[in-house]
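Colleague: One structure coming up, written as structure tokens, with questions to follow.
The values are calculated or read from the model by the stated rules, or taken from the named source; none is laboratory data. The shown structure was predicted, so the numbers you read here are calculated from the model rather than taken from an experiment. Each accessible area value is taken on the protein alone, full model and side chains, heavy atoms only, with ligands, DNA and RNA left out. Shrake-Rupley method; radii C 1.70, N 1.55, O 1.52, S 1.80 Å.
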Amino acid sequence: MPVRRLAIVAIAGFGLLAGPVVQAATPASGTLSKKSKVVRWTGTFTLSQPDSLTGCVGGSTDPICDHFMLKVDLKDGSRIRIDLPAPDAVSDVDLYVYSPTGSEVGSSANAFGTNEFVEFRHSGRFNKKSYEVRIMPWLVVPGTTYKAAAKVK
């Protein structure tokens with residue numbers, strides 16, 4: 001029996017050493033199109049990141065931030081808005097959007113308990129490629145959940 005306990009402890013320890021898993025929203029991706037003008041997703045945070053003044057410093061592999069991949073299948077110049085309502089009055093979450101080439105499209109980092117949003121014009125050259133939406137839990141209680149949406153304006 002002690003050998004079995006030792007094996008369980010060793011496996012658990014290895015899991016901790018293997019590194020954190022990148023958080024993904026639920027669902028992890030969605031597509032805006034003529035037929036689907038709104039996409040919604042949710043997420044739950046396990047940690048805060050108050051030591052960083054810039055969003056998701058680890059990029060698309062930052063395990064603290066939540067990641068949503070947004071495809072847009074619309075004409076060039078279409079206006080897109082991403083909304084991130086405040087989860088509650090005491091949480092501070094920030095919103096960052098990146099083009100398929102990795103350049104920042106927009107960001108929103110307001111104070112505690114305020115809604116975040118980003119508006120941008122879609123480039124037709126990115127049709128069917130993914131914009132990355134990163135949501136940073138700047139200061140949240142672990143287990144805090146959020147609901148976000150992207151829509152055609």
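Colleague: What list of ³J(HN,Hα) values in whole Hz, one per residue of the stretch 24-37 in order, does the Karplus curve 6.51 cos²θ - 1.76 cosθ + 1.60 (θ = phi - 60°) give from phi, with Gly and Pro shown as x?
Modeller: Coupling constants for the stretch 24-37: 10, 6, 10, x, 7, 7, x, 10, 8, 7, 4, 7, 10, 8 Hz.
Colleague: Solvent-accessible area of Ser48, probe 1.4 Å, all protein chains present, reported in Å² to the nearest ten, please.
Modeller: Solvent-accessible area, nearest 10 Å²: 30 Å².
Colleague: Let me ask another. Amide H neighbours of Val72 under 5 Å, at least 5 residues apart or on other chains, H built in the peptide plane: list them.
Modeller: Under 5 Å from the amide H of Val72 lie the amide H atoms of Leu32, Lys128, Lys129, Tyr131, each far enough along the sequence or on another chain.
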